[in-house]
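Input: a single structure, listed below in structure tokens.
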Amino acid sequence: MRTDTDNKLKKRELSHGLATEAGLPVYPSTGLRVAVLGGGFVGLVAAAGFAQFGHTVALVEKDPDKSKELRAGRIRIHERGLPELFGANLRRHRLGVFSELAEAIKGAHAIFLAVGTPSLPSGEADLSAVFEVVETLGPLLTPKQILVLKSTVPVGTALQVRNRLSKNGAAKKQVAVVSNPEFLREGTAVMDFFRPQRIVIGGDQPEAIETIAQLYRVGMMDACPIVVTNNETAEMIKYASNLFLATKVAFVNELANLCDAAGLNVTEVTRGMGLDSRISPEFLNPGPGFGGSCLPKDLDAILNLARKQGVRLSIAEAVKEANARQPRLVVGKLEKLVGTLKGKTIGVLGLTFKAHTNDLRSSPALAVMKRLEEKGALLQAYDPVAEGEARALWPELKLAPNPEEVAEKADALVVLTEWPEFMALNWEEIGQKMKSKNIVDARNLLVPEILARLGFNYLGMGQKPGEA
Ligand SMILES: NC(=O)c1ccc[n+]([C@@H]2O[C@H](COP(=O)([O-])OP(=O)(O)OC[C@H]3O[C@@H](n4cnc5c(N)ncnc54)[C@H](O)[C@@H]3O)[C@@H](O)[C@H]2O)c1
């Protein structure tokens, strides 16, 4: 459903020609106003992206230090293209960082909630930040404003938000509650915002849904399918998607273990599988387990929902169990190479849960390292971008300024994040610095036959030693 306004906007885009900035088009101003609450991965990308689309964006970040930094265009998170995009839109005055909620939401057509929803010890999603914002917002909302839940929230949250709003009087103002889950991937978040594979919009008020669709359509033209549904289905789509991805990772990790035992090369097996479009090659790389700020917590939340509904999600339970085993398996591979770990120096390459981010939340690298430490190993670690975050999280950890120093007198190395720069290292030189040339490549990043030629004892994940 394309409206006249859409058509006008599309014509305007085309007639202005699309100037590029950091490889992205700069769209003309749309006159639409958006507020984004929460200046984390999701909020920052949405705020900068919507501003680039030509909307006027007001961002609110609760943490005063972060907020001050953002106002000056400084971004703590490592996300390719984001500082440039954010800075350009600040300078263009399309994007402003506010500390007062009332001021930020004034005149906003849509107010996006992008606050964190971490796991409680029970596995349930902690919705306190969402509800805190809703309570504060209630009296401040003006008629027909749209409250958009972008945070990942359990099925039924939009309804709870609506109930809370009706208690504090906002319902009389015909405020709409729309669910618009986010699917961006850290590391490629900016491109994911501009080239999403789908946009999901859930709600019960067609006009509100259309306004949210329009916010995106300006930048996407017709390139991206928009899935319109009710709030609960939108909420479930997000959890179901993450459960599926987690399952795929757990599946390939187990497959790699089987290939290890059977003397097969999993990379060849997954290539043969991934060419089938029903399977696809994405998320078919074995590793030390999935981590990050989404998959583990969303898996816990969906298991929690199933428990409450009296439904058994046996696949999800098995995925959780298999993922918890995976770091132990990596440690086992190191033991295979060096024997007892007590007193052995292990050099760690990569700390983040994936490459191209400085996010250490639930990183499997940390789980591997904790276990190595428990077994008496002496750790020295390197990460290209997360040194500061690692220092804050694990002050006693010995951090090296480069991979060469991580290799110094090491009994073994372990690659825990698939940073491409590790592929380009001078492995001959690295080997010369080590006490013993042992390496566990928990990301199947390196070429086993090259390392074997340089005299390394190499173990990958489901890779025959010394095979490409
Ligand atoms: N990080 C991802 O890759 C990703 C992807 C898709 C969905 N999500 C979901 O999006 C949501 C946000 O994730 P994130 O990674 O951006 O979280 P985050 O923890 O990085 O950021 C949340 C930010 O919100 C701020 N905040 C908290 N309460 C606030 C308030 N009342 N007003 C203003 N700011 C407030 C916090 O200080 C923090 O900076 C979560 O529900 C998450 O599950 C995350």
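State whether the residues of region 147-165 include one that is part of a helix (DSSP H, G or I) and either of a type in the set (S, T, Y) or within 16 Å of the chain's Cα centre (by Cα) (or both).
yes
I need a count of the residues in region 58-101 that are aliphatic (A, V, I, L, M) and more than 21 Å from A129 (Cα to Cα). Give the steps one after another, and end with the answer.
Of region 58-101, the ones aliphatic (A, V, I, L, M) are 58-60, 70, 72, 75, 77, 82, 85, 88, 90, 95, 97, 101.
If we keep only those that are more than 21 Å from A129 (Cα to Cα) too, we end up with 72, 75, 82, 85, 88, 90, 95.
Of the residues in region 58-101, 7 are aliphatic (A, V, I, L, M) and more than 21 Å from A129 (Cα to Cα).
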Residue tally, condition buried (at least 24 other Cβ atoms within 10 Å of the Cβ) and without any contact (Cβ under 8 Å) to a residue 12 or more places away in the chain, over region 60-74: 0
The condition from (1) within 16 Å of the ligand (Cβ to nearest atom); (2) under 23 Å from L243 (Cβ atoms); (3) modelled with pLDDT of 95 or more that L159 misses is numbered (1)
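Please go through region 106-127 and give me each residue that is within 9 Å of the ligand (Cβ to nearest atom) and either in contact with a strand residue (DSSP E or B) (Cβ under 8 Å, 6 or more places away or on another chain) or not in a loop (DSSP other than H, G, I, E, B) (or both), ordered by number. Walk me through it before giving the result.
Taking region 106-127 and keeping what is within 9 Å of the ligand (Cβ to nearest atom), we get 113-118, 125.
The answer is L113, A114, V115, T117, P118, A125.
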Can you pull out the residues in region 151-193 that are crowded, with 16+ Cβ neighbours inside 10 Å and among the basic types (K, R)? R162, R164
Apart from one, (1) outside any loop (DSSP other than H, G, I, E, B); (2) among the hydrophobic types (A, V, I, L, M, F, W, C); (3) more than 13 Å from the ligand (Cβ to nearest atom) all hold for L44; the odd one out is (3)
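From the list I302, I315, pick out the single residue that is buried (at least 20 other Cβ atoms within 10 Å of the Cβ) and in a helix (DSSP H, G or I). Steps first, please.
Values: I315 fails: buried (at least 20 other Cβ atoms within 10 Å of the Cβ).
Just a single option satisfies the conditions, and that option is I302.
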Is it the case that some residue within region 204-226 is free of Cβ contacts under 8 Å to residues at least 40 places away in the same chain, under 26 Å from R361 (Cα atoms) and not assigned by TED's automatic domain parsing to the domain that holds N358? no
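Name every residue in region 128-146 that is in a loop (DSSP other than H, G, I, E, B) and surrounded by fewer than 16 Cβ atoms within 10 Å (Cβ to Cβ), in order of residue number.
Narrowing region 128-146 to residues in a loop (DSSP other than H, G, I, E, B): 141-145.
Matches in region 128-146: T142, P143, K144.
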Identify, from the list G343, G347, the residue that is small (G, A, S) and out of contact with any Pro (no Cβ under 9 Å at 6 or more places or on another chain). G343
If the Cβ limit is 7 Å and pairs must be 6+ apart or interchain, which residue in region 30-59 that is outside the structural domain of R94 (by TED's automatic domain parsing) pairs with which residue that is within 9 Å of the ligand (Cβ to nearest atom)? none
Mind listing whichever residues of region 99-129 are within 27 Å of C294 (Cα to Cα) and touching a Gly at 6+ places or on another chain (Cβ under 9 Å)? F112, L113, A114, V115, G116, D126, A129
Of the criteria (1) near the ligand (Cβ under 10 Å from one of its atoms); (2) in a strand (DSSP E or B), which one G96 fails: (1)
Being β-branched (V, I, T), in contact with a helix residue (DSSP H, G or I) (Cβ under 7 Å, 6 or more places away or on another chain) and in a loop (DSSP other than H, G, I, E, B) is the filter here; which residues of region 411-458 pass it? T417
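Out of curiosity, is V406 within 12 Å of L351 (Cβ to Cβ) and in a loop (DSSP other than H, G, I, E, B)? Walk me through it before giving the result.
Working: within 12 Å of L351 (Cβ to Cβ): yes; in a loop (DSSP other than H, G, I, E, B): no.
Judged against the criteria, V406 is not a match.
Search region 183-210 for residues being closer than 30 Å to R80 by Cβ and assigned to a helix (DSSP H, G or I), and hand back the single one that is nearest to the ligand (Cβ to nearest atom).
Residues of region 183-210 that are closer than 30 Å to R80 by Cβ, as a first pass: 183-202.
If we keep only those that are assigned to a helix (DSSP H, G or I) as well, we get 189-194.
Working: A189: 7, V190: 12, M191: 13, D192: 9, F193: 11, F194: 15 Å.
The selected residue is A189.
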Positions within region 286-334 being closer than 14 Å to V249 by Cβ and either at pLDDT below 95 or not assigned by TED's automatic domain parsing to the domain that holds M369 (or both), in sequence order: none
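Only one of these is more than 22 Å from L258 (Cα to Cα), crowded, with 21+ Cβ neighbours inside 10 Å and out of contact with any Asp or Glu (no Cβ under 8 Å at 6 or more places or on another chain): A392, A442, A407. Name it. Give the steps one after another, and end with the answer.
Numbers: A392 fails: crowded, with 21+ Cβ neighbours inside 10 Å; A442 fails: more than 22 Å from L258 (Cα to Cα).
Answer to the selection: A407.
The values are calculated or read from the model by the stated rules, or taken from the named source; none is laboratory data. Source: prediction; values computed, not measured. Every residue, glycine among them, receives a Cβ derived from its backbone with ideal geometry; neighbour counts consider all protein chains shown.
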